[in-house]
Amino acid sequence: AASITVKGLTKAYDPQTVVIPPMDVELKAGEFTVVLGPSGCGKSTLLQMIAGLERVSGGKILIGAREVQDLEPKHRGCAMVFQNYALYPHMSVFENMAYSLKVAGMAKAERAERVAAVAKMLGLADYLHRKPGQLSGGQRQRVAIGRAIVREPGVLLFDEPLSNLDAQLRHDMRVELADLHRRIGATTVFVTHDQVEAMTLADRILILNKGRIEQFDTPKAIYHHP
Ligand code: ADP
Ligand code: ADP
């Protein structure tokens with residue numbers, strides 16, 4: 001796992017619309033940070049910039065000691081899970097999870113072993129031959145998570161991954177994600193507007209309002225005032 005350092009970061013999609021005024025924060029290696037805030041406050045923008053998918057307007061973001069924008073995508077060590085899963089519909093569950101390993105040049109036997117281990121961890125072992133269209137919503141989300149963790153990224157990014165699931169499944173997936181984090185220990189940034197997710201998953205909660213950090217502290221410090 002690697003730390004994420006945000007230094008003097010600014011973002012404006014156009015000069016009139018400043019989405020993030022100068023921001024400084026350090027997310028420690030291995031910590032689970034939940035970014036919480038109302039719609040439009042800049043959560044996704046921040047996540048996309050950490051992933052290197054959106055340019056910064058000023059300042060910088062470091063993963064470990066390296067600046068994100070200087071790194072080739074495959075060397076960033078970041079994996080992202082999206083709200084809409086973004087699975088490859090024509091590929092089986094196995095192929096969805098193995099694809100990035102194949103692109104990275106991993107040998108076939110090792111790929112199969114790695115995918116099998118992750119599928120087992122996520123309860124997908126019996127579904128490896130299915131296509132995404134033959135899965136329930138919860139299973140699709142597990143495949144999306146499996147696809148992200150199979151490369152053993154140092155940084156794991158989640159953009160409202162549970163908001164398309166029903167209440168029971170959201171609860172179950174929260175428990176699973178907490179367990180997964182304990183096992184793999186990747187530095188995690190999890191964007192949501194759900195306070196329950198923030199309280200149950202976070203080592204630290206980062207509350208954003210109009211792109212500014214209003215609070216950055218443990219759930220205990222934020223929700224249990226003396
Ligand atoms: P959140 O994830 O908290 O809902 P976003 O990061 O998606 O917020 O958006 C923050 C602000 O930036 C919003 O005002 C949004 O309209 C604007 N924005 C997001 N993406 C773009 C874009 N590609 N071009 C212009 N404005 C954008
Ligand atoms: P949920 O009610 O949880 O959304 P579904 O009723 O869609 O789930 O699916 C229940 C089970 O049937 C799941 O194990 C799912 O993988 C399987 N399933 C759903 N659709 C298909 C299909 N078209 N072909 C094979 N299995 C399917």
What is the Cα centroid distance between segment 25-60 and segment 74-140, reported in whole angstrom? 25 Å
Quick one: what Rg and Dmax do you get for the chain from the alpha carbons, in Å? 17.5, 56
Cα-Cα separations in segment 1-73 greater than 17 Å, expressed as whole percent: 41 percent
Beyond 24 Å, what share of the Cα-Cα pairs of segment 34-157 is found? Please give it as a whole percent. 35 percent
Under 5 Å between amide hydrogens, which residues at least 5 positions from residue 215 or on another chain qualify, with H placed 1.01 Å from N in the peptide plane? 207
Extension gain (nm, one decimal) between residue 102 and residue 65, 0.36 nm per residue minus Cα-Cα: 10.6 nm
For the residues 20, 207, what sequence is obtained by ranking on other C-beta atoms within 10 Å, fewest first? 207, 20
Treat every Asp and Glu Cβ in segment 92-143 as -1 and every Lys and Arg Cβ as +1, leave all other atoms uncharged, and give the resulting dipole magnitude about the Cα centre to the nearest 20 debye. 100 debye
For residue 209 paired with residue 117, estimate the spin-label separation in nm (one decimal), with each label point 7 Å from Cα along the Cα-to-Cβ line. 4.5 nm
Could you order peptides 55-61, 45-51, 150-156 by the average number of other Cβ atoms within 10 Å of their residues, highest first? 45-51, 150-156, 55-61
Using 0.36 nm times the number of residues separating residue 74 and residue 172, minus their current alpha carbon distance, what extension gain do you get? 32.1 nm
Can you put 24, 14 in order of Cβ neighbours within 10 angstrom, beginning with the fewest? 14, 24
Return the lysines within reach of residue 102: Cα separation strictly under 30 angstrom, same-chain partners fewer than 8 residues apart disregarded; answer none if there are no such residues. 74, 120, 131
Helix hunt in the chain: which complete DSSP H runs extend at least 15 Å axially by C-alpha with mean Kyte-Doolittle at least 0.0? 93-103
So how much slack lies between residue 130 and residue 218, counting 0.36 nm per residue of separation and subtracting their Cα-Cα distance, in nm? 27.7 nm
Give the cross-link partners of residue 7 among the aspartates and glutamates, using a straight C-alpha distance below 14 Å as the criterion and excluding same-chain residues fewer than 8 apart. 24, 26, 67
So, with +1 on the Cβ of K and R and -1 on the Cβ of D and E, and no other charges, what is the size of the charge dipole of segment 1-111 about its Cα centre, to the nearest 20 debye? 180 debye
Quick calc, residue 7 & residue 109: beta-carbon distance into FRET formula, R0 45 Å, rounding 0.05, result 0.60
What order do you get for 80, 199 when you list them from fewest to most C-beta neighbours inside 10 Å? 199, 80
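Bear in mind that the values in this text are calculations on the coordinates, not laboratory data. The model shown is predicted, which means the values in this text are computed figures rather than measured ones. Ideal geometry is used to build each Cβ from the backbone, glycine not excepted, and the neighbour counts take in all protein chains shown.
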